[in-house]
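Worksheet for the structure shown next.
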């Protein structure tokens, strides 16, 4: 787990200079980007007036946040439309694929990437799926759309309401009730919910709920593997 200091690798200026040098030397930019991510040492930083948090919960690697940060350093070396496509889709352009990503990123950071994928992306998709199921059920029973079903969805997934869970999360992490919820804070809360779900649910429910989230992401072509290979 990353505890706020530097992670294994090299310093930020050196990593950025290596990235720029690799691009100037003609290396394909996806490879250069991922090699730089493998070297990156800062779990979080302030840059150009914006805070970047790369390890959610100290262990879930948000590579897109780092990709966004790196893109600020190489706008003169990579076509803007290529960067925007990567940040929008969450994928590098073909033929750079998931095997190259895993190999170049390295074992520790790739495990962190999977933590983020399951703990933030899949967990968010699960919440959206269950909320949609509830909405459809209410609509089938003659109730109108426009009602917030988040509390009911949270209770179905976590056996507690969103407000109760948020209060528990805030107490556990020393966060005040009136502190604003930032994007990073929302990711931290989602990852905390994921770990709580794994802790309190039985294996069958964990598998069923996780598959719901994966299926929604699969529809959006955001799952980096074949769902048919999963046995639930």
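Just checking, does segment 76-93 include any residue being farther than 16 Å from residue 34 by Cα, free of Cβ contacts under 8 Å to residues at least 24 places away in the same chain, touching a helix residue (DSSP H, G or I) at 6+ places or on another chain (Cβ under 8 Å) and buried (at least 17 other Cβ atoms within 10 Å of the Cβ)? Within segment 76-93 (the criterion being farther than 16 Å from residue 34 by Cα, free of Cβ contacts under 8 Å to residues at least 24 places away in the same chain, touching a helix residue (DSSP H, G or I) at 6+ places or on another chain (Cβ under 8 Å) and buried (at least 17 other Cβ atoms within 10 Å of the Cβ)), the answer is no, since none of the residues qualifies. Applying the set (1) in contact (Cβ under 8 Å) with a residue 12 or more places away in the chain; (2) in the same structural domain as residue 194 (by TED's automatic domain parsing); (3) surrounded by fewer than 13 Cβ atoms within 10 Å (Cβ to Cβ) to residue 137 leaves exactly one unmet item: (1). What about residue 193, is it crowded, with 19+ Cβ neighbours inside 10 Å, out of contact with any strand residue (DSSP E or B) (no Cβ under 9 Å at 6 or more places or on another chain), at pLDDT below 95 and in a helix (DSSP H, G or I)? Spelling it out, it is not the case that residue 193 is crowded, with 19+ Cβ neighbours inside 10 Å, out of contact with any strand residue (DSSP E or B) (no Cβ under 9 Å at 6 or more places or on another chain), at pLDDT below 95 and in a helix (DSSP H, G or I).
Report whether or not residue 51 is modelled with pLDDT under 95, touching a strand residue (DSSP E or B) at 6+ places or on another chain (Cβ under 8 Å), surrounded by fewer than 21 Cβ atoms within 10 Å (Cβ to Cβ) and not assigned by TED's automatic domain parsing to the domain that holds residue 150. The answer is yes for residue 51. In segment 56-82, the qualifying residues are those that are at pLDDT below 95 and under 14 Å from residue 112 (Cβ atoms), and the one that is farthest from the chain's Cα centre (by Cα) is 58. Of the residues making up segment 1-40, those that are at pLDDT 95 or above, loosely packed, with under 13 Cβ neighbours inside 10 Å and in a loop (DSSP other than H, G, I, E, B) are 25, 26.
Among the residues of segment 99-127, the ones that are in contact (Cβ under 8 Å) with a residue 12 or more places away in the chain, part of a helix (DSSP H, G or I) and more than 14 Å from the chain's Cα centre (by Cα) come to 6 in all. In the set (1) under 20 Å from residue 55 (Cα atoms); (2) in a helix (DSSP H, G or I), the condition left unmet by residue 130 is number (1).
Does residue 45 satisfy being touching a strand residue (DSSP E or B) at 6+ places or on another chain (Cβ under 6 Å) and either surrounded by fewer than 13 Cβ atoms within 10 Å (Cβ to Cβ) or part of a strand (DSSP E or B) (or both)? Taking the combined requirement at face value, the residue satisfies it.
The values are calculated or read from the model by the stated rules, or taken from the named source; none is laboratory data. From a predicted model like this one, the values you see are computed outputs, not experimental measurements. Because the Cβ atoms are built from the backbone with ideal geometry, glycine has one as well, and the counts that use them run over all protein chains shown.
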